[in-house]
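Novice: Below: one structure in structure tokens.
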Amino acid sequence: MDAFILSYAVVNGLLQGAIYGGVALGLSLIFGVLRVVNFAHGSFLMLSLYISFWCWSLFGMDPYLSALINIPAMFALGYMVQSVIIAPLIKRESAMVVEPLSALLLTAGVFLVMDNAALMAFGPDVRALQAGYYVPTIVVGGIPISGQRLIAALAAFAVAGGISYWLRHSDMGRAIRATAQNRDAAAMSGINVSSVYAMTFGLGCSVLGLFGALIAPFLPISPAIGLAFGIKSFIVVVLGGLGSISGAIVGGIVIGVFEAVASQFVTATSASIGSLVLFILILIFRPQGIMGRA
Amino acid sequence: MSKSNWARSVQKVLMAGAMTAAMGSSAFAAEAVKMGCVLPLSGGSAAVGNQTKVGVEIAAKQINDAGGIKSLDGAMLEVVFADSQSKPDVGVTETERVIARENVSVLCGAFNSAVTFPATEVAERMKTPWVVVGSVKDEITERDFKYIFRINNKATYDAREQIDAMDMLKDEFGSGPKTLAMLYEGSDWGRSHAANVKVIAAERGYEIVVDEAAPPNQTDFGNQLLKIRAAKPDAVIVALYTPDHLLFTRQMMEQRLDLPFGVHSVGGGMEDPAFYKALPPEAAFYAFVQEDWQIDILKVSTDPAILSADEATKAALGYGMSAYTAQGISAVYVIADALERAKSADREALRAALAETDIQSGPALVTGYNRIKFDEQGQNTFAHGVISQNIGGERKTMWPKENRAADSTPVWPVPAWSDR
Amino acid sequence: MKTTIAAKSTRSGGLRLNQTTVLVTILLVLALAPIVVTDSFTLHSMIMVLFFAYMATSWNFVCGYVGQLSLGHAMFNGMGGYVSVLMFTQLGLSPWLGMLFGGVLAMVTAVLIGLPTFRLKGPYFTLTMIAFAEIVRIWIENTNEFAGIPLKGAEGLIVPNRGDDFWAFQFSTKLPYYYIILSFLAVALVATAWMERSKLGFCLKAIRGDRDAAEALGVNPTFYTSLAFAISAFMTAIGGSFYAQFFRYINPERSMGLELSIDMAVMSIIGGQGTVLGPLLGAAILTPIAEIARGEFGGGLLGLHLVVYGLALMLCVLYFPKGAIEPIRKLCLRYFGGNER
């Protein structure tokens, strides 16, 4: 295959992969701190997409501006879900360690409720929003790059970097990292662990709020889109390393480029089977992922 | 009381009695005729299902407002809707429920071929007539069934029409595509269409250079578009439902992918009015769409029922008639016509009347056919679609030539993005 | 000790309720039900309840006792259905035999998948099973023909109508299907009850408690989990063949999709995983909800039954971790006395 097509595929893969990574960030963070695999991750993204859509449809708000509403709204939702639904499970376990399967089942219940409540409320129709202005397509070396996707991809890097910095240098960030390392020690040092948990969950969801606003301009929105992104996020996060922020981005890019290049040779569906096979192999042979610690 | 007063009172009493008796008997005779309608009101095809539902409701209301079924003493049409959820087993279960519990005389539906195929088998087994709406799977009317009737065209017709249109334009303008790319949704509809296109393309000398099934719920068509770009086909045939079609069309514009003879969509997304609301209009310019009805019929028709149905659709959905609304309307008028001739709501009588159907005018032809007559397999052999081209945001019928309006001129070859 | 128990049973009038009694009673009631229920549609609903009860029981056979959450079991269902239907349409083989082949294929797949996967912890195991099931589903959905066998991809397979033909596993009325699925369910329940008390059952529970400790005590976790997984997969595949013959249509999305896997797991969990009757209870509670939600609201409130499932699941995890069967069992023990088992 010629070099142009190959490099085009790689560029496609980088953009799409970075977006996957940005979306998966929250999942990794939540697992890293709470040790909870949030089965409802995709559902939160779906909700944030709808928030941006309704802001545009009802108030004519520009999707990028809707991030101002989306981010706090999703933060609040995440905080609430953690405090009301997940916290009782954690409290029940005396050592404040969540039995992993119970947490998975609980978040699976949340996923069922959220996805189907959205289906009941919004209907199954696909919505698409149209930005009022046209974000230009940048052509680099003959390869057209969609401006909207580029913005979302760059945001993924920026957010990953920003969160890593914040985790290292802010008080709350340090508390979160301490809890992630050893919750008992953290509790004994006077950290309010349940507050940290709620903050983390809220933070993870607010990242989804941002990305919902960023990808709404080019993605058709329906209740089913949550599950599709959810499964991709699991693959990305496991590949990159559960609990690692940079791992989410790296994992996303690996998957994105792999699928982009593979689908030039085989059908896109075979490429997605390839990702799943890769996912299984990593889980069995290197469960800590590319960037994770063993 | 004087004699005349008494007589007048008796008259009044007799009149009152007669009127009550008359009202009583007409109320008795006006027992509604129940009609079942299995549609995807939820799930992947919900948008289509809801448009069809609106069409059915509008047509039933028109018929009821005009006095119901006259040969049954003005019996009203009562439609019982059932949601197939776009799933075959749910559709089958709902069909059984509607026949056994709701006691309908006739059924219509169900758009998704995967649902209609098994559900009509149930209807045949339970000896209940079924008027197929929207499903194109060939085998539905190839089973020697006696109770199943299909108004719309079969899948093979669709593929044939797309290639016929290309051949026609080639003759008209002197040039046409030699290589084709095919991108289609990976389930029933897309795959069977692709298979049909392959057969006809081989017969007519077209070469298929890309044959790609798209998984559902894609979030990015970038990879497939790149594959198409690499293969450099002259035209692309697309069979996608609304969400995927939206994404594909938008990305094609963003990536400025040029194909000399354009996009030929077999419908799906591009027949859905919601599609055009969600895209900048330029994204769909010059695209060819195989429509299941004559898209510009509202311009040429003078039938008041059709025009008022369009108004009612706009009131209900916010946009005018689509192929799916039209199919719903047509089905109800065909059933009403059969009821009039059967003079009975009995399933056997209705089946016999449906088999004798020969409609050559009226609102049942809202889909643009010239005639509705079922062959021994229950297929309306006069069914055909049209191929339209999107000129400046308006879809104008280009094929068959007989349906082309005088002021419609195809644009062929299709201009590159930079020339638009 | 002895006197206390004896006192209990005399106080309750000598009525002893143990699991076997309950099981036999339920099966008897179900066997006699069609005498009263003649409406075809209600019979259809009951068949669906029994079918899901059977599937949930098959799932529970391994997952309830080993304590792992498999959300990929639907792939065995699909395998069973596809193998038996294809053997019927291509080779003319009776589905009664075809389903055994399907079961064997499922067993082999289960063992191969289970070997590297079972030692993964909780969520990792679940995600891996989802991935395996998705691979199978996506592959079949996109493959029209493989080695000359027409898989027909997403179109699905249709079983040609043979009317009333026992060897073709087809009947023109619902009643035979009812008794067939009831027998399958009875077998599955008895198998579970037997397993619980057998060495296999004890080893599984030991592994659930602490895999490493069990291994240290000489229990070979790989062998026992593989055995249970294989049996569970076999039973699930048989269920898949039944489904194919009942609806005479299967496709990848419905037969192998995540939704079916979740249904099986949720019913077991809500009813009470790790018990014999829990999955049946779960199916009896949840399936009618789905039927009612669809029938009454006719598409007006789509997805309602899944919202209910989700809420039930959350409540269950938080407040009834042993499932709905636990409070019922406590009630029975209080009023009827009898053994723990």
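The values are calculated or read from the model by the stated rules, or taken from the named source; none is laboratory data. Remember, it's a predicted structure, so these values are computed and weren't measured experimentally. FYI the Cβ positions are ideal-geometry reconstructions off the backbone, even for glycines, and counts take in every protein chain you see. We work out accessible area using only protein heavy atoms, side chains counted, and drop any ligands, DNA or RNA first. Shrake-Rupley method; radii C 1.70, N 1.55, O 1.52, S 1.80 Å.
Novice: Could you check, for segment C:126-134, whether at least one of its residues is at pLDDT 90 or above and within 30 Å of B:A119 (Cβ to Cβ)?
Specialist: Yes: one or more hits.
Novice: As an exercise: evaluate C:Y249 against (1) closer than 27 Å to C:T173 by Cβ; (2) hydroxyl-bearing (S, T, Y); (3) modelled with pLDDT of 90 or more and give the number of the one condition it does not meet.
Specialist: (3)
Novice: Can you confirm whether segment A:252-262 contains a residue that is within 12 Å of the chain's Cα centre (by Cα) and either over 20 Å from A:A152 (Cβ atoms) or more than 10 Å from chain B (Cβ to nearest Cβ) (or both)?
Specialist: Yes, some residue in segment A:252-262 is within 12 Å of the chain's Cα centre (by Cα) and either over 20 Å from A:A152 (Cβ atoms) or more than 10 Å from chain B (Cβ to nearest Cβ) (or both).
Novice: Are any of the residues in segment B:295-315 under 25 Å from B:T409 (Cα atoms), of a type outside the set (F, W, Y) and either in contact with a Ser or Thr (Cβ under 6 Å, 6 or more places away or on another chain) or within 14 Å of chain A (Cβ to nearest Cβ) (or both)?
Specialist: Taking every residue of segment B:295-315 in turn, at least one turns out to be under 25 Å from B:T409 (Cα atoms), of a type outside the set (F, W, Y) and either in contact with a Ser or Thr (Cβ under 6 Å, 6 or more places away or on another chain) or within 14 Å of chain A (Cβ to nearest Cβ) (or both).
Novice: Identify the single condition in (1) within 14 Å of another protein chain (Cβ to nearest Cβ); (2) of a type outside the set (S, T, N, Q); (3) open to solvent by 30 Å² or more (accessible area, probe 1.4 Å) that C:I149 does not satisfy, given that it satisfies every other one.
Specialist: (1)
Novice: Does segment A:27-40 include one or more residues that are under 29 Å from B:L225 (Cα atoms), open to solvent by less than 10 Å² (accessible area, probe 1.4 Å) and more than 14 Å from chain C (Cβ to nearest Cβ)? Full working, then the answer.
Specialist: At the first step, the residues of segment A:27-40 found to be under 29 Å from B:L225 (Cα atoms) are none.
Looking for residues that are under 29 Å from B:L225 (Cα atoms), open to solvent by less than 10 Å² (accessible area, probe 1.4 Å) and more than 14 Å from chain C (Cβ to nearest Cβ), one finds none in segment A:27-40, hence no.
Novice: Restricting to segment B:384-420, name every residue that is of a type in the set (D, E, K, R), buried (at least 16 other Cβ atoms within 10 Å of the Cβ) and either in contact (Cβ under 8 Å) with a residue 40 or more places away in the chain or in a strand (DSSP E or B) (or both). Let's see the steps before the verdict.
Specialist: Within segment B:384-420, the subset of a type in the set (D, E, K, R) is B:394-396, B:401-402, B:404, B:407, B:419-420.
Keeping just the survivors that are buried (at least 16 other Cβ atoms within 10 Å of the Cβ) gives B:395-396, B:404.
B:R395, B:K396 - these are the residues of segment B:384-420 that are of a type in the set (D, E, K, R), buried (at least 16 other Cβ atoms within 10 Å of the Cβ) and either in contact (Cβ under 8 Å) with a residue 40 or more places away in the chain or in a strand (DSSP E or B) (or both).
Novice: Could you please find all residues in segment B:228-246 being at the interface with chain A (Cβ under 7 Å from one of its Cβ atoms) and surrounded by fewer than 24 Cβ atoms within 10 Å (Cβ to Cβ)?
Specialist: Matches in segment B:228-246: B:A230 only.
Novice: For segment A:1-22, what are the residues that are more than 10 Å from every other protein chain (Cβ to nearest Cβ) and either touching a residue at least 24 places away in the same chain (Cβ under 8 Å) or in contact with an Asp or Glu (Cβ under 7 Å, 6 or more places away or on another chain) (or both)? So that I can check it myself, show each step before the final result.
Specialist: Within segment A:1-22, the first condition is being more than 10 Å from every other protein chain (Cβ to nearest Cβ), and the residues that meet it are A:3, A:7, A:10, A:14, A:17-18, A:21-22.
Listed by number, the residues that qualify are A:S7, A:V10, A:L14, A:G17, A:A18, A:G21, A:G22.
Novice: So which residues in segment C:119-159 are among the aromatic types (F, W, Y) and over 25 Å from the mean Cα position of the chain (by Cα)?
Specialist: Scanning segment C:119-159 gives a single hit, C:F146.
Novice: Let me ask something additional. Looking at (1) under 30 Å from A:I5 (Cα atoms); (2) more than 14 Å from chain B (Cβ to nearest Cβ), can you tell me which one A:V207 breaks?
Specialist: So A:V207 meets the others, but not (1).
Novice: Still on this structure: Quick check on my filter: what residues within segment B:65-94 are touching a strand residue (DSSP E or B) at 6+ places or on another chain (Cβ under 6 Å) and either assigned to a helix (DSSP H, G or I) or among the aliphatic types (A, V, I, L, M) (or both)? Walk me through it before giving the result.
Specialist: Looking only at segment B:65-94, we keep the residues that are touching a strand residue (DSSP E or B) at 6+ places or on another chain (Cβ under 6 Å), and these are B:68-69, B:75, B:77-82, B:84, B:88, B:91, B:94.
Within segment B:65-94, B:I69, B:A75, B:L77, B:V79, B:V80, B:A82, B:P88, B:G91, B:E94 qualify.
Novice: While we're on this one: Within segment B:367-383, is there a residue that is out of contact with any Gly (no Cβ under 7 Å at 6 or more places or on another chain), surrounded by 20 or more Cβ atoms within 10 Å (Cβ to Cβ) and under 22 Å from B:E172 (Cα atoms)?
Specialist: No, segment B:367-383 has no match at all.
Novice: Among the residues of segment B:176-204, write down those that are closer than 16 Å to B:V263 by Cα and not aliphatic (A, V, I, L, M).
Specialist: B:G176, B:P177, B:K178, B:T179, B:Y184, B:E185, B:G190, B:H193 - these are the residues of segment B:176-204 that are closer than 16 Å to B:V263 by Cα and not aliphatic (A, V, I, L, M).
Novice: Of the residues C:G218, C:G239, C:G274, C:G282, which single one is touching a residue at least 40 places away in the same chain (Cβ under 8 Å) and in a loop (DSSP other than H, G, I, E, B)?
Specialist: Of C:G218, C:G239, C:G274, C:G282, the one residue that is touching a residue at least 40 places away in the same chain (Cβ under 8 Å) and in a loop (DSSP other than H, G, I, E, B) is C:G274.
Novice: Considering segment A:178-194 alone, what residues qualify as being open to solvent by 60 Å² or more (accessible area, probe 1.4 Å) and either among the hydrophobic types (A, V, I, L, M, F, W, C) or modelled with pLDDT of 90 or more (or both)?
Specialist: Scanning segment A:178-194 gives a single hit, A:M188.
Novice: Considering (1) within 20 Å of the chain's Cα centre (by Cα); (2) within 14 Å of another protein chain (Cβ to nearest Cβ); (3) not acidic (D, E); (4) not in a helix (DSSP H, G or I), say which one B:T128 fails and leave the rest.
Specialist: (1)
Novice: While we're here: What tally of residues in segment A:94-110 results from selecting those that are more than 16 Å from A:V81 (Cα to Cα) and either facing another protein chain (nearest Cβ under 7 Å) or modelled with pLDDT of 65 or more (or both)?
Specialist: Looking only at segment A:94-110, we keep the residues that are more than 16 Å from A:V81 (Cα to Cα), and these are A:94-97, A:99-101.
Keeping just the survivors that are either facing another protein chain (nearest Cβ under 7 Å) or modelled with pLDDT of 65 or more (or both) gives A:100-101.
Looking only at that region, the number is 2.
Novice: Which one of B:V56, B:V106, B:V79 is more than 10 Å from chain C (Cβ to nearest Cβ) and open to solvent by 10 Å² or more (accessible area, probe 1.4 Å)?
Specialist: B:V79
Novice: Something else about it: Within segment C:249-271, how many residues are in a loop (DSSP other than H, G, I, E, B) and among the hydroxyl-bearing types (S, T, Y)? Even if it seems obvious, please write down each step before you answer.
Specialist: Of segment C:249-271, the ones in a loop (DSSP other than H, G, I, E, B) are C:251, C:257.
Remaining after also requiring among the hydroxyl-bearing types (S, T, Y): none.
Within segment C:249-271, residues that are in a loop (DSSP other than H, G, I, E, B) and among the hydroxyl-bearing types (S, T, Y) number 0.
Novice: When you go through (1) at pLDDT 85 or above; (2) over 17 Å from the mean Cα position of the chain (by Cα) one by one for A:F201, which number turns out not to apply?
Specialist: (2)
Novice: Is it true that C:I158 is touching a residue at least 40 places away in the same chain (Cβ under 8 Å), in contact with a Pro (Cβ under 8 Å, 6 or more places away or on another chain) and crowded, with 22+ Cβ neighbours inside 10 Å?
Specialist: No; evaluated as a whole, the condition is false for this residue.
Novice: List pairs: first in segment A:222-233 and closer than 10 Å to A:L119 by Cβ and facing chain B (nearest Cβ under 7 Å), second in a helix (DSSP H, G or I) and of a type in the set (D, E), Cβ under 9 Å, 6+ apart or cross-chain?
Specialist: Short answer, once both residue conditions are applied: A:A224/A:D115.
Novice: Need the failing condition index for B:R143 against (1) assigned to a loop (DSSP other than H, G, I, E, B); (2) touching a strand residue (DSSP E or B) at 6+ places or on another chain (Cβ under 9 Å), just the number.
Specialist: Going through (1) assigned to a loop (DSSP other than H, G, I, E, B); (2) touching a strand residue (DSSP E or B) at 6+ places or on another chain (Cβ under 9 Å) one by one, B:R143 breaks only (2).
Novice: What do you reckon, is B:V38 crowded, with 21+ Cβ neighbours inside 10 Å, within 11 Å of another protein chain (Cβ to nearest Cβ) and in a strand (DSSP E or B)?
Specialist: Here the answer is yes, as B:V38 does meet what is asked.
Novice: Residue check: is C:L86 over 19 Å from the mean Cα position of the chain (by Cα) and outside any loop (DSSP other than H, G, I, E, B)? Don't jump to the end; show me each part of the working.
Specialist: Details: over 19 Å from the mean Cα position of the chain (by Cα): yes; outside any loop (DSSP other than H, G, I, E, B): yes.
Against the criterion (over 19 Å from the mean Cα position of the chain (by Cα) and outside any loop (DSSP other than H, G, I, E, B)), C:L86 qualifies.
Novice: Kindly check whether there is at least one residue in segment B:258-269 that is open to solvent by 20 Å² or more (accessible area, probe 1.4 Å), farther than 29 Å from B:N196 by Cα, more than 9 Å from chain A (Cβ to nearest Cβ) and out of contact with any helix residue (DSSP H, G or I) (no Cβ under 9 Å at 6 or more places or on another chain).
Specialist: Taking every residue of segment B:258-269 in turn, none turns out to be open to solvent by 20 Å² or more (accessible area, probe 1.4 Å), farther than 29 Å from B:N196 by Cα, more than 9 Å from chain A (Cβ to nearest Cβ) and out of contact with any helix residue (DSSP H, G or I) (no Cβ under 9 Å at 6 or more places or on another chain).
Novice: Looking at C:L127, C:L112, C:L69, which one is open to solvent by 20 Å² or more (accessible area, probe 1.4 Å) and either part of a helix (DSSP H, G or I) or at the interface with another protein chain (Cβ under 10 Å from one of its Cβ atoms) (or both)?
Specialist: Every option except C:L112 fails the conditions.
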